Amino acid sequence: MELTQNQINQLYKFTRQHYVYHYDVQTELVDHLANDIEEICTETPSLSFEEARDKSFKKFGIFGFMDVIEAKQKQMNKRYRKILWRFFKEWFTLPKVLLTFGFTILLFFILKIPFSEYVILTALFGIVVFDMFQIYKQRKQQKQKQQKQEKIFLLEAMIGETRQGFTGLAFINIFNFINLTNVSFSSLDNSWLLVVSFSAVLIIILFYVTAYLMPNKAEELLEETYPEYKLVKSL
Amino acid sequence: MGNQKLYKGSLQTIILKLLESNDKMYGYEITQHVKELTKGELQITEGALYPALHKLEADGLLDVEVAKVGNRLRKYYKLTENGTKETANKLAEMQEFLKTMQHLVNPKFSLE
């Protein structure tokens, strides 16, 4: 007995009810459950689809799909970091490395101006406001996607979430730090100033890669990560 | 059915070995295959199999392929080049382990 399309769709729903939200993880579990249900129904034809499904689900143990989700998340974290590192590294190879050092030196000279803190604070404030606006736009899009019950892949969600976390944490913290400690950059040593400028440029690159580059290339990255991506989108 | 705990540490090696001799397999197929080979002695649980597969994939030992089978998508796993090398290592480790256990459990037969 082979399961019908309707029953397959029900299994997708079933995984969602058991906290599996991403399509790639769901798909593997659905195929597994389907195979097992087919086998169970062949052995004991008297069982209904739902009974066979519950029997199959029990085999996953008391934590249900949790272990699977956790392992998948870990795997994807590793993949995400690898991609991030790949883009990040690009800024230290020619020709981009010239820009990296150019920015560092530019920042260094800006910091040397007396009262440069205010320039930095204003710039940071500008970035935060601008990015908040972008996040707001993105959230709206995401909500629409969820409402339409589009298939969301785990990596896709991670690319979105990391982008949302960044401004909130990094920039607001830096803003507060500069504001509260009242450091005067222009009175610092040159070598310290260089360290400060270089670290700032590193953070900006990281921000740019996670918040702009990766979301813009999301489609490409997803195709590279998921062999089924094209197939699924064309269904 | 024997003590499943004893098999736990060997799950990855078992998966790699199976994939070495079967080219590509999907999750459910692996559980069934093991059950068949061991005549039901070893039953890989779902809750352990997929995390192990995902870990091996993250480590770059496995590659995935997806195909539409009937009305659903199926995810196949196969060894990468690294995976093939690692399988040989793991199997050698396993032989060593079996030998050591043999010595420990059955000292009188170990007159080498």
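What follows is calculated from the coordinates using simple rules that are stated; it is not laboratory data. Because the structure is a prediction, the values reported are computed rather than measured. Cβ sites come from the backbone with ideal geometry, for glycine too, and all protein chains shown count toward neighbours.
Dividing the helix sum by the residues of chain B, where each DSSP H run of 4 or more adds -39500 (n - 2.57), gives a mean residue ellipticity at 222 nm of -18000 deg cm²/dmol. Extending 7 Å from Cα along the Cβ direction at A:ASP54 and again at A:LYS89 yields two label points whose distance is 5.2 nm.
In chain A, the calculated helix contribution to ellipticity at 222 nm averages -24500 deg cm²/dmol per residue, counting -39,500 (n - 2.57) for every DSSP H run with n ≥ 4. Taking Lys and Arg as +1 and Asp and Glu as -1, the other residues whose beta-carbon sits under 12 Å from that of A:GLU150 total +4.
Neighbours of B:ARG72, meaning other residues whose beta-carbon lies under 10 angstrom from its beta-carbon, give a summed charge of 0 when Lys and Arg score +1 and Asp and Glu score -1.
Between A:TYR19 and A:ILE127, the distance separating the two model label sites (each 7 Å from Cα on the Cα→Cβ line) works out to 3.6 nm.
Checked against a 28 Å cut-off, the cross-linked pairs A:LYS89/A:LYS151; A:LYS59/A:LYS145; A:LYS74/A:LYS233 give Cα-Cα distances beyond that limit for A:LYS89/A:LYS151; A:LYS59/A:LYS145. Taking amide hydrogens as placed 1.01 Å from N in the peptide plane, the amide H of A:PHE153 sits under 5 Å from those of A:TYR23, each at least 5 positions away in sequence or on another chain. Can you find, among A:VAL25, A:GLN147, A:GLY61, the residue sitting farthest towards the positive end of the charge dipole of chain A, where Lys and Arg contribute +1 and Asp and Glu -1 at Cβ? About the Cα centre, the residue reaching furthest to the positive side is A:GLN147.
Taken about its Cα centre, the protein assembly as shown carries a charge dipole of about 720 debye when Lys and Arg each add +1 at the Cβ and Asp and Glu each add -1 at the Cβ. Placing dummy labels 7 Å off each Cα toward the beta-carbon, the span from A:LYS78 to A:ASN216 is 3.0 nm.
With viscosity set to 1.002 mPa s and temperature to 20 °C, compute the Stokes-Einstein D of chain A, Rh being the Kirkwood radius across alpha carbon pairs; µm²/s, no decimals.
Details: Rh = 21.4 Å.
Answer from the Stokes-Einstein relation: 100 µm²/s.
Rounded to the nearest Hz, the phi-derived 3J(HN,Hα) couplings of segment A:31-44 under the Karplus curve 6.51 cos²θ - 1.76 cosθ + 1.60 (θ = phi - 60°) are 4, 4, 4, 4, 4, 5, 4, 4, 5, 4, 5, 6, 5, 10, where x marks glycine and proline. A dipole drawn for the protein assembly as shown from +1 and -1 charges on Cβ atoms has a positive end, and of B:VAL105, B:HIS54, A:PHE185 the residue lying farthest that way is A:PHE185. For B:TYR76, the residues whose modelled amide H falls within less than 5 Å of its own, excluding neighbours fewer than 5 places apart on the same chain, are B:GLU65, B:VAL66, B:ALA67. Using θ = phi - 60° in the Karplus curve 6.51 cos²θ - 1.76 cosθ + 1.60, the 3J(HN,Hα) couplings for segment A:57-67 round to 5, 4, 5, 6, x, 5, 8, x, 8, 4, 4 Hz; x is entered for Gly and Pro.
Working ranking of peptides B:51-61, A:214-224 by packing, defined as the average number of other Cβ atoms within 10 Å per residue, highest first, is B:51-61, A:214-224.
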